[in-house]
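None of the figures in this text is laboratory data; all of them are computed from the coordinates on show. All figures in this text were calculated on a predicted structure; none of them were measured in a lab. Every residue, glycine among them, receives a Cβ derived from its backbone with ideal geometry; neighbour counts consider all protein chains shown.
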Amino acid sequence: MEYTKIPNIYKRAEFGNNKLILGQYSSDELRFMSPLKWEWTEKVDGTNVRIIWDGYRVSFGGRTDKAQMPTHLMNRLNELFGGPDKEELFEQIFGQNPCILFGEGFGEKIQKGGGLYGSVDFILFDVFCGIWLRRDDVEDIAQKFGIKVVPIVGWGSLDKAVEFIKSHPKSKLRDAEMEGIVCRPEIELADRRGNRMIVKIKCRDFPLEE
C-alpha cells in the first residue's frame, strides 16, 4: 500500500506560469468542506518512508516498491525499528494485525537543503491498520517507539490555513521557513470516490510581496 497522494489546495493554471488559481479549490469536496475545522501539521521536506509490519516481521519501503532508500537513512531506520526488541514491540502493539507506519526520512543529504534539519532521521505522520488511526493514537505509537511525530501547527478553516502559509511561518523542525502544511478534517472523512480528505499548502506557492 502506497501513501495517499495529497492534492494541492487550489487548481493550477493550465497554461503560462502554472501558478495556483487562488480561490479555485482543486475539488468540489474541498470547496464544500473548506469552512470546517481542519488540523494543520508541518509538511517535512524529505522522502516518503513506509515501516511495514506484516504481522510477523518488519520491513522498510519508500513511497513505492521501486523507490531506492539512501544507505544512511536505511541505517537510521534499522536503529529505530530493527532487531528482536523492536519486533517484539511491534507484536505487543499490533499483534498479528498488519500495519504500516507512514513517515518522512529527512535530514542531511536528503533533498536540497536537508542539512537544515540536522542529521538524518525519521518522523511519523500517519498509521494505517485497516483504518487510518486518529492523531492521539499516532502520537501514542510514536511515544512507544521513541520517534518523532509531525507537529501540529494550527487548527481552522482552509482559508485561515492559506493566510497562515502566506505569512511564511518558521519551521518547528529546522532553522528556516516551513515547507508548508498538510491539512485534514478534525474527523477522518472521504469523498464519494473513497479518497481521503487531505490537502497540502506550500509556502513556495505564495511568494512574499515586495
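On alpha carbon coordinates alone, what is the Rg over Rh value for region 47-149, Rh being the Kirkwood radius?
Dividing the radius of gyration by the Kirkwood radius yields 0.95.
Relative contact order of region 47-149, please, whole-number percent, based on alpha carbon pairs below 8 angstrom and at least 6 residues apart.
Computed value for region 47-149: 26 percent relative contact order.
As a footprinting exposure proxy, order ILE147, ILE9, ILE131 by other Cβ within 10 Å, with the fewest listed first.
Ordered by Cβ neighbours within 10 Å, fewest first: ILE131, ILE147, ILE9.
Which residue, TYR10, LEU77, ILE93, has the largest displacement toward the positive end of the dipole of the chain when charges sit on each Cβ (Lys, Arg +1; Asp, Glu -1)?
TYR10
Run lengths n ≥ 4 of DSSP H only: what is the helix-derived mean residue ellipticity at 222 nm for the chain, with -39500 (n - 2.57) per run over all residues, to the nearest 500?
Here the helix-only value at 222 nm equals -6500 deg cm²/dmol.
Distance between Cα centroids, region 27-87 to region 133-210: provide it in whole Å.
That distance is 15 Å.
Filter the trypsin sites (Lys or Arg not before Pro) in region 158-198 down to the DSSP loop ones having no more than 13 other Cβ atoms within 10 Å, then list what survives.
Answer in residue order: LYS172, ARG192, ARG193.
May I ask you to sort GLU104, GLU39, GLU79 by Cβ crowding, counting other Cβ atoms within 10 Å and putting the fewest first?
So the ranking, lowest neighbour count to highest, is GLU79, GLU39, GLU104.
State the cysteines of the chain left without a partner when partners are defined as other cysteines whose beta carbon lies under 4.7 Å away.
If one checks each Cβ against the other cysteines of the chain, CYS183, CYS203 turn up with nothing under 4.7 Å.
Of the labelled options (i) 12.0; (ii) 14.5; (iii) 12.7, which one gives mean projected area of the Cα convex hull in nm² as computed for this structure?
Checked against the structure: label (iii).
Grab the beta carbon distance between GLU108 and GLU163, set R0 = 41 Å, and tell me the FRET efficiency rounded to 0.05.
0.80
Go through region 22-27 residue by residue and turn each phi into a ³J(HN,Hα) via Karplus (6.51, -1.76, 1.60, θ = phi - 60°); whole Hz please, and just put x for glycine and proline.
Once θ is set to phi - 60°, the couplings for region 22-27 become 4, x, 9, 4, 6, 8 Hz.
At a threshold of 8 angstrom on Cα-Cα distance, excluding pairs fewer than six apart, so keeping six or more, what relative contact order does region 151-203 reach in percent?
Over region 151-203, the number comes to 32 percent.
Tabulate in residue order the Karplus-calculated ³J(HN,Hα) for region 28-37, using 6.51 cos²θ - 1.76 cosθ + 1.60 with θ = phi - 60°, rounded to whole Hz; enter x for Gly and Pro.
Each residue of region 28-37 in turn: 5, 5, 5, 4, 5, 8, 4, x, 5, 7 Hz.
Counting other beta carbons within 10 Å of each residue's own, what order do MET197, MET178 fall into, fewest first?
MET197, MET178
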